[in-house]
Amino acid sequence: MKLLFVTQYGISAASSRTRVFQYLSYLKSKGYHCRIISVIEDKSLSGAKVSVVHQPIRKILYYFFAGWRTIISGLLLLIHGRNSDVIFIQKVVFPTFFRTAIKHLNTPVIFDFDDAIFTTEMEDLNWLSRFKVRRNSSGVPAMLKISKMAIVENGYNAAFAKDYVSNVEIITGPIDTERYRFFKKDTRKSSNSNVVLGWIGSPSTLPYLYEIRQILESIGREYSNVCLHVIGAQEFYLSQMSVAAEVWSIETEVEKLRSFDIGIMPIPDNAWTRGKGGYKLLQYMATGLPVIASPVGVNCNIVEHGQNGFLASENVDWEKSLQILIEDCELRRVMGERGRKKVEKKYSLKMSQPYLEKIINRIGPS
């Protein structure tokens, strides 16, 4: 069977990597012929970071480039889609002309999205956010209407998709548990040994970390042996706690995660964040870390409060949860092991590979 995948980014972007690229070796081993079209390729991915910095001219240039690349990718899709058995589009929203043309190819389409892309993460109502709201509020439903199947990250996104397409499947993550291997921490540490709080993300999600900035400052005053390690953003500072911030790299990502003792995921509760996939939590838990997260969206399914981590709503909850885990090395170990087992059972790539294959076979030619 010939499969055509269209992704928004290359393998360096988390959504494209987890929702498409990490499946390819498995599918190829099963005899599928896979072709990839990426709107923004890895060599141009640095441009994606422009969208989250406050440089209007660079933003405008980037979005013009992205629009041009979407047109090119749409033309390539029409060329190769004719000879494909299934077209898998990973959250690329094509303009009306291409949607109509794709529909007339009569090739079954799977539309996959891992975030609540039918809304926007931008809180300030500038011209760019208004444009994205208008485009996505109409474009995502239109993409779903030309699709035979939707695959989404969680129940929140599934509820939206079901209004426009009858076949909807949920795949959370998945996480490659062979790559993100369990790392057993030394439980013999003394009470004054360093404890590393860890956060991994991107410049666009860094504002979420500021949600608990005052709590981190308080923890820093209380515990001189606690520090914060930030991966994926370099502009986060605390006055009362040592912070190590560095850029994300696919080559060093797992190694850096293993330096953490506690994984944290604060996020606000809004229409955008309820559609998030909780991938940070899966990364933490796969490597054997206890987690603390805001009880928003799929986080409530991934984290079993008091078992593999804590759900923290208010500042007092965050402070108490951090204190408990900082002071109890053995509890960190136990929670980390439970988290790893849950990831292996429910969110692993090994579990999702045959499931995706089954979905493809269901809508592909018999």
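The values are calculated or read from the model by the stated rules, or taken from the named source; none is laboratory data. Predicted, not measured: the structure shown is a model, and the values here were computed from it. Cβ placement follows ideal geometry from the backbone for every residue including glycine, while neighbour counts extend to all protein chains displayed.
Here are a few things to note about the model shown:
- The C-beta contact set for region 273-291 (first residue in the same structural domain as E255 (by TED's automatic domain parsing), second residue of a type in the set (D, E, K, R) and surrounded by 24 or more Cβ atoms within 10 Å (Cβ to Cβ), distance under 6 angstrom, 6+ apart or interchain) comprises G277/D114; G277/E153.
- Some residue of region 275-282 being among the small types (G, A, S), more than 30 Å from D112 (Cα to Cα) and part of a loop (DSSP other than H, G, I, E, B): no
- Pair list, Cβ < 9 Å and 6+ apart or interchain, from region 295-311 residues that are assigned by TED's automatic domain parsing to the domain that holds I267 and under 15 Å from G173 (Cβ atoms) to residues that are assigned to a loop (DSSP other than H, G, I, E, B) and among the polar types (S, T, N, Q): G297/N154; V298/N154; V298/T172; N301/N154; N301/T172; I302/T172; I302/N308
- Restricting region 136-159 to residues that are in a helix (DSSP H, G or I) and touching a strand residue (DSSP E or B) at 6+ places or on another chain (Cβ under 8 Å), the residue that is farthest from V93 (Cα to Cα): G155
- Extreme residue, nearest to P266 (Cα to Cα), among residues of region 173-203 that are among the polar types (S, T, N, Q) and at pLDDT below 95: S202
- One residue stands out among those in region 1-47 that are part of a strand (DSSP E or B) and among the basic types (K, R): the one that is surrounded by the fewest Cβ atoms within 10 Å (Cβ to Cβ), which is R35.
- Strands (runs of 3 or more DSSP E) completely within region 222-273 that count 3 or more residues being closer than 25 Å to T177 by Cα: 226-231, 262-265
- Counting the residues of region 283-295 that are in contact with a Lys or Arg (Cβ under 8 Å, 6 or more places away or on another chain) and assigned to a helix (DSSP H, G or I) gives 2.
- Scope region 105-139; condition over 17 Å from the mean Cα position of the chain (by Cα) and at pLDDT 95 or above; matching residues: L105, T107, P108, V109, I110
- Some residue of region 260-267 being over 16 Å from the mean Cα position of the chain (by Cα), at pLDDT 95 or above and aliphatic (A, V, I, L, M): yes
- Subset of region 256-310 (residues that are polar (S, T, N, Q) and surrounded by 23 or more Cβ atoms within 10 Å (Cβ to Cβ)): Q283, T287, S294, N299, N308
- Test: D317 is without any contact (Cβ under 8 Å) to a residue 40 or more places away in the chain, acidic (D, E), in the same structural domain as L216 (by TED's automatic domain parsing) and more than 24 Å from N157 (Cα to Cα): yes
- Looking across I102, I72, one residue alone is of a type in the set (V, I, T), at pLDDT 95 or above, in a helix (DSSP H, G or I) and surrounded by 14 or more Cβ atoms within 10 Å (Cβ to Cβ). It is I102.
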